Amino acid sequence: LIGYYFPRIILPNEVIQSLTQDQLRYIFFHELSHMKRHDLAVNWVMNFLLTLHWFNPILWYSYHRMREDQELATD
C-alpha cells in the first residue's frame, strides 16, 4: 500500500497472474485494513522519530514490535 491521500496497492503483474481471485481478495482486505487503521501515517511518524533518534535501541525495538502488531492486527 502506498500513498496516504490516494492509496494504491502495488503488485507486480507476475504476482497478479499467479494468484487466485480469493488470494487477491485477501490481499486487498489486508491492505484495506492497514488503510482504515491509518498504519501509513503511524509508520511515517515512527520513521521520522527513528531518523532523529537513530541511536536509541528502545525506539528500534518499539518500531519492530509495532510493525509486528500492525501485521497481526490486519490478518
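The values are calculated or read from the model by the stated rules, or taken from the named source; none is laboratory data. Fair warning: this is a prediction, and the values are worked out from it, not measured in the lab. Backbone-built Cβ (ideal geometry, glycine too); neighbour counts: all protein chains shown. Surface accessibility is based on the protein's heavy atoms, side chains included, excluding ligands, DNA and RNA. Shrake-Rupley method; radii C 1.70, N 1.55, O 1.52, S 1.80 Å.
Checking the condition in contact with a strand residue (DSSP E or B) (Cβ under 7 Å, 6 or more places away or on another chain) and not basic (K, R), which residue from I2, I16, I27, I9 passes? Give the derivation first.
On the way: I16 fails: in contact with a strand residue (DSSP E or B) (Cβ under 7 Å, 6 or more places away or on another chain); I27 fails: in contact with a strand residue (DSSP E or B) (Cβ under 7 Å, 6 or more places away or on another chain); I9 fails: in contact with a strand residue (DSSP E or B) (Cβ under 7 Å, 6 or more places away or on another chain).
One residue alone meets the criteria, I2.
Got at least one residue in segment 8-17 being touching a residue at least 24 places away in the same chain (Cβ under 8 Å) and within 12 Å of the chain's Cα centre (by Cα)? Walk me through how you get there before you give the answer.
Applying the first criterion (touching a residue at least 24 places away in the same chain (Cβ under 8 Å)) to segment 8-17 yields none.
The answer is no, given that none of the residues of segment 8-17 is touching a residue at least 24 places away in the same chain (Cβ under 8 Å) and within 12 Å of the chain's Cα centre (by Cα).
Of all residues in segment 24-75, count the ones that are over 23 Å from G3 (Cβ atoms) and either at pLDDT below 95 or not acidic (D, E) (or both). First the steps, then the outcome.
Initially, segment 24-75 is screened for residues over 23 Å from G3 (Cβ atoms), giving 52-62, 64-65, 68, 72.
Filter once more, keeping what is either at pLDDT below 95 or not acidic (D, E) (or both): 52-62, 64-65, 72.
Selection size over segment 24-75: 14.
For segment 24-75, name all the residues that are of a type in the set (A, V, I, L, M) and within 28 Å of N13 (Cβ to Cβ).
L24, I27, L32, M35, L40
Looking only at segment 6-44, count every residue that is open to solvent by less than 90 Å² (accessible area, probe 1.4 Å) and in a helix (DSSP H, G or I) and tell me the total. Break it down into steps so the answer makes sense when it comes.
If we filter segment 6-44 for residues that are open to solvent by less than 90 Å² (accessible area, probe 1.4 Å), which is where we start, we get 7, 9, 11-12, 15-16, 18-20, 22-24, 27, 30-35, 39-43.
Now narrow it down to the ones that are in a helix (DSSP H, G or I): 15-16, 18, 22-24, 27, 30-35, 39-43.
Total meeting the criteria: 18.
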